[in-house]
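Shown next, in structure tokens, is the structure this report addresses.
Where a number appears in this text, it was derived from the coordinates with a stated rule and is not lab data. Every value quoted in this text rests on a predicted model; they were computed, and no experiment measured them. Glycine gets a Cβ as well: all are built from the backbone with ideal geometry, and neighbour counts include every protein chain shown.
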Amino acid sequence: MDYQAILEEIYEEITPEIGRGKVADYIPALSSVDPQQFAFSIITTEGERYGVGDVQKQFSIQSISKVFTFTLALDIYSKNLYERLGVEPSGNPFNSLVQLEYEQGKPRNPFINAGAIAVTDSLIAHFKDDYKAFEVILNFIRNIADDNDISFDPEVSVSEMDHAYRNLALANLMKSFENLDNEPIVAVKTYFKHCAVSMNTQELSRAMLYLANGGTDPLTQKNYITPSQTRRINAVMLTCGHYDASGEFAFHVGLPGKSGVGGGIVAVVPGKMGICVWSPSLNRYGNSHAGTLALQKFVEKTGLSIF
Ligand code: GLU
């Protein structure tokens, strides 16, 4: 299949949609991002790369980082992790407090904010230090992306910390239900740091390859998790990766995917490739508008859905 030609066709078709929607503005440092940007990268398990648009342009990965922290926590805690969080779609906005109260402080899944904060807290508890935990997270991302220059943008994490009322509320609520080991502010600060990691679509598509290949990087042969853990992460991405539009994403795209409010979306074609698309303007669910449409076109043109 001529992936490069397909990506170029998509880019042309999608151009009128780029910039439609709204960039995330509840994090001030993200509100100034130019909405007229778009990039789409894929990399096969053989290491062939294809791309269109600003594939080198760094952006804030935000909730995409939750895939990486979930991987690390699953590797450390295995099934015991599920004592603290579930794997059910929430059907609620990513930062909803109501459900968490009803369900006694146990977040529905690792990809809503409460679940991701609980996962980060579990990593801090394991490494006994928040700086150490963040170092492990960042090193893991550098490893799977095969790029040691990847870092985080302190301006974004500080800006988020300045407006952290809701995330702190989620963390405090979990603490009150004894589902948080560390102080809420420590867990939330570390969570914001990994959300503020900056990457481009080339690096993020590369970082998905271990999930396309049963937990082992097909290019470096480094093993990170077992095939069964990989299946589980992909399943949670499929069912919970797009906030309360996860059902729609599964319906229209049909690939394990995770989006972030920075406008990035990663996706996995098991056995075949890692994908990342980015365009900062978001639809009403907080997912990239042009990115979602581009992925939809990609599976229509290639037939590469898991269904
Ligand atoms: N750091 C963001 C928050 O907690 C992540 C949101 C997202 O990308 O879904 O609000």
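What percent do you get for the relative contact order of segment 238-303 when only Cα pairs under 8 Å and 6+ apart count?
Values: 104 pairs, mean separation 17.1, N = 66.
RCO, segment 238-303: 26 percent.
How big is the charge dipole of the chain about its Cα centre, in debye rounded to the nearest 20, if each Lys and Arg gets +1 on its Cβ and each Asp and Glu gets -1 on its Cβ? If you can, show how the numbers build up before the last one.
On the way: 25 positive and 35 negative charges, 131 e Å.
In debye, rounded to 20, the chain gives about 640.
How high is the FRET efficiency between ARG231 and GLU46 when r is their beta carbon distance and R₀ equals 35 Å, given to the nearest 0.05?
Calculated transfer efficiency: 0.95.
Relative contact order for segment 1-159 using alpha-carbon pairs under 8 Å, separation at least 6, rounded to a whole percent?
Details: 139 pairs, mean separation 29.0, N = 159.
Here the relative contact order equals 18 percent.
In nm, to one decimal, how far is the modelled label at ASN92 from the one at SER31, with both set 7 Å along Cα→Cβ?
2.6
Based only on other Cβ atoms within 10 Å, what is the fewest-to-most ordering of ILE14, ILE144?
By the 10 Å Cβ count, ascending, the order reads ILE14, ILE144.
I'd like the distance between the alpha-carbon centres of segment 37-100 and segment 164-197, rounded to an integer number of Å.
18
Whose amide H sits under 5 Å from the amide H of PHE38, counting only residues 5 or more places off or on another chain, with H placed in the peptide plane?
ASP54
So how strong a dipole does segment 30-85 carry about its Cα centre when Lys and Arg Cβ are +1 and Asp and Glu Cβ are -1, to the nearest 20 debye? It would help to have the intermediate numbers written out before the result.
Working: 5 positive and 6 negative charges, 42 e Å.
Here the size comes out at about 200 debye.
Non-local amide H neighbours of VAL197 (under 5 Å, H modeled in plane, Pro and chain starts lacking H): which ones?
ILE61, GLN62, ASP153
With 24 Å as the limit, write out which pairs from LYS57/LYS297; LYS106/LYS272; LYS272/LYS301; LYS222/LYS301; LYS79/LYS106 have Cα-Cα distances beyond it, or answer none.
LYS106/LYS272; LYS222/LYS301
Relative contact order for the chain: what is it in percent, counting Cα pairs under 8 Å that are at least 6 residues apart?
The normalised contact order for the chain reaches 28 percent.
Using the Karplus curve 6.51 cos²θ - 1.76 cosθ + 1.60 with θ = phi - 60°, work out ³J(HN,Hα) for each residue of segment 26-33 in order, rounded to whole Hz, and write x for Gly and Pro.
6, 10, x, 5, 8, 6, 8, 5
In whole Hz, with x marking every Gly and Pro, tabulate ³J(HN,Hα) for segment 114-130 from phi via Karplus 6.51 cos²θ - 1.76 cosθ + 1.60, θ = phi - 60°.
Karplus-based 3J(HN,Hα) across segment 114-130 equals 4, x, 5, 5, 5, 5, 4, 4, 5, 6, 4, 4, 5, 8, 6, 6, 6 Hz.
Take the alpha carbon gyration tensor of segment 75-150, find the square roots of its eigenvalues, order them as a ≥ b ≥ c, and report rounded if a/c is under 1.5; if not, report prolate when a/b exceeds b/c, else oblate.
Prolate, since a/c reaches 1.5 and a/b exceeds b/c.
Packing-wise, with mean Cβ within 10 Å as the measure, how do 169-180, 296-307 rank, highest first?
Ranking, from highest mean packing down: 169-180, 296-307.
With the Cα gyration tensor of the chain in hand, convert its eigenvalues to equivalent ellipsoid semi-axes via √(5λ) and list them largest first in whole Å.
Those come to 28, 21, 18 Å.
Would you kindly derive the ³J(HN,Hα) couplings of segment 290-295 from the backbone phi angles with the Karplus curve 6.51 cos²θ - 1.76 cosθ + 1.60 (θ = phi - 60°), listing them in order in whole Hz, with x for Gly and Pro?
5, x, 4, 5, 5, 5
So how far apart, in nm, are the two label points at GLU9 and GLN104 if each is 7 Å from Cα heading toward Cβ?
5.4
When all alpha-carbon pairs of segment 1-146 are counted, what percent fall beyond 23 Å?
54
Along the charge dipole of the chain, Cβ charges K/R +1 and D/E -1, which of TYR285, SER176, VAL266 sits furthest on the positive end?
SER176
Under 10 °C and 1.306 mPa s, how fast does segment 200-243 diffuse according to Stokes-Einstein, given a Kirkwood radius computed over C-alpha pairs? Answer in µm²/s, whole number. It would help to have the intermediate numbers written out before the result.
Values: Rh = 10.9 Å.
In µm²/s, the coefficient rounds to 146.
What is the log10 of I(q)/I(0) for segment 163-307, computed with the Debye formula using one identical point scatterer on each Cα and no solvent, at q = 0.09, 0.14, 0.15, 0.22 Å⁻¹?
Here log10 of I(q) over I(0) equals -0.32, -0.75, -0.85, -1.32.
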